[in-house]
Amino acid sequence: MKDQRLLIIASVTTMCCIASVCALFAIFGLGLLAENELPLYTFEQIPSAHEGYLRTTLTSGNTVYVLDYEEYALLAVTSAPTEMIGIFPVTIGNSGLYAIPGQDPSAYVLEFDPMYQQVYRNINHPPFDWVNADFQKLRVMFPAANPKETEDAAIIHNVHTTLIGAAIMIVPFQQDGNYSGYENYTLLLFSDELPGLMYAAGLHIAPDGSVYLAENIVSNVWHPAGIIFSDWFKNE
């Protein structure tokens, strides 16, 4: 009788273990299988045709995404994407290639990592034409203060025309965009033509208070800001 009880206990224990394994597979295994079914993208990085910049491509079969000079100014509005559409040879945690809310993957996607995010463009999609775009909102980001923003068309137009203008100042190139001796900020422009994304221009303040704008946060080609924007920016 004792042996029979032990046999029953052993059988029940075995069944519980099997049930637990099945449950764990149902919870985690299917997710792993689903992730493994996502396309694998490989990296390639070469010097860009734009001096000082790099051209990075993500390739999976016939699908190619590019990050070049034209994409350096693009940022995703969301900082927590949810729809993973691709993986990399080395994928840690939830890092991977994600869809951008508001954008079709045939246009733009987001390389997401907890430490950084980068926007890529499908090579079959034309680069964003910021010169001819209409912007509806402007926001200046500060590292230790609340953002300052406006929807004033005159201020936005002043920034836009300044960035297009020919009056420039060229400073020694800094690939990280941190130009020594200047206060360096990010100026975000929002357009209905670019849903889910923001256009990030550079904003640099000289020690004498002079304000300069750049086509992106890295660019060393600066434009003296117009009076309308400068007055708005300096007005607390």
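The values are calculated or read from the model by the stated rules, or taken from the named source; none is laboratory data. Everything numeric in this text was worked out from a predicted model, so none of it was measured. Heads up, the Cβs are rebuilt from the backbone with ideal geometry, glycines too, and the neighbour counts pull from every protein chain shown.
Which one is modelled with the lowest pLDDT, of the residues in the stretch 136-154 that are of a type in the set (A, V, I, L, M, F, W, C) and closer than 16 Å to T186 by Cα? My answer is A144. Residues that are assigned to a strand (DSSP E or B) and in contact with a Pro (Cβ under 8 Å, 6 or more places away or on another chain) within the stretch 167-177 comprise just one, M169. Selection of the stretch 116-149 for residues being in a strand (DSSP E or B), under 19 Å from H204 (Cβ atoms) and in contact with a helix residue (DSSP H, G or I) (Cβ under 9 Å, 6 or more places away or on another chain) yields L138, V140, K148. Residue count for the stretch 71-83 satisfying the condition of being surrounded by 18 or more Cβ atoms within 10 Å (Cβ to Cβ) and free of Cβ contacts under 8 Å to residues at least 60 places away in the same chain: 2. Listed conditions (1) within 10 Å of Y65 (Cα to Cα); (2) more than 17 Å from the chain's Cα centre (by Cα) are all met by R121, apart from (2). Among the residues of the stretch 193-207, those identified as more than 19 Å from the chain's Cα centre (by Cα) and of a type in the set (A, V, I, L, M) are I205, A206. In summary, I156 fulfils each of the numbered conditions (1) within 18 Å of the chain's Cα centre (by Cα); (2) without any contact (Cβ under 8 Å) to a residue 60 or more places away in the chain with the single exception of condition (1).
Restricting attention to the stretch 173-227 and to residues that are of a type in the set (A, V, I, L, M) and over 30 Å from P126 (Cβ atoms), the residue that is surrounded by the most Cβ atoms within 10 Å (Cβ to Cβ) turns out to be V211.
Here is a yes/no grid of residues against (1) within 19 Å of D68 (Cα to Cα); (2) within 17 Å of the chain's Cα centre (by Cα); (3) modelled with pLDDT under 95:
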residue	(1), (2), (3)
P172	no, no, yes
S180	no, no, yes
F190	no, yes, no
L213	no, no, no
V218	yes, yes, yes
P224	no, no, no
S230	no, no, no
N235	no, no, yes
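Set side by side, the residues Y199, Y179, Y212 differ, and just one is under 30 Å from S60 (Cβ atoms), touching a strand residue (DSSP E or B) at 6+ places or on another chain (Cβ under 7 Å) and aromatic (F, W, Y), which is Y199. Only one of the numbered conditions (1) modelled with pLDDT under 95; (2) more than 24 Å from L197 (Cα to Cα); (3) assigned to a loop (DSSP other than H, G, I, E, B) is violated by A49, and that is (1).
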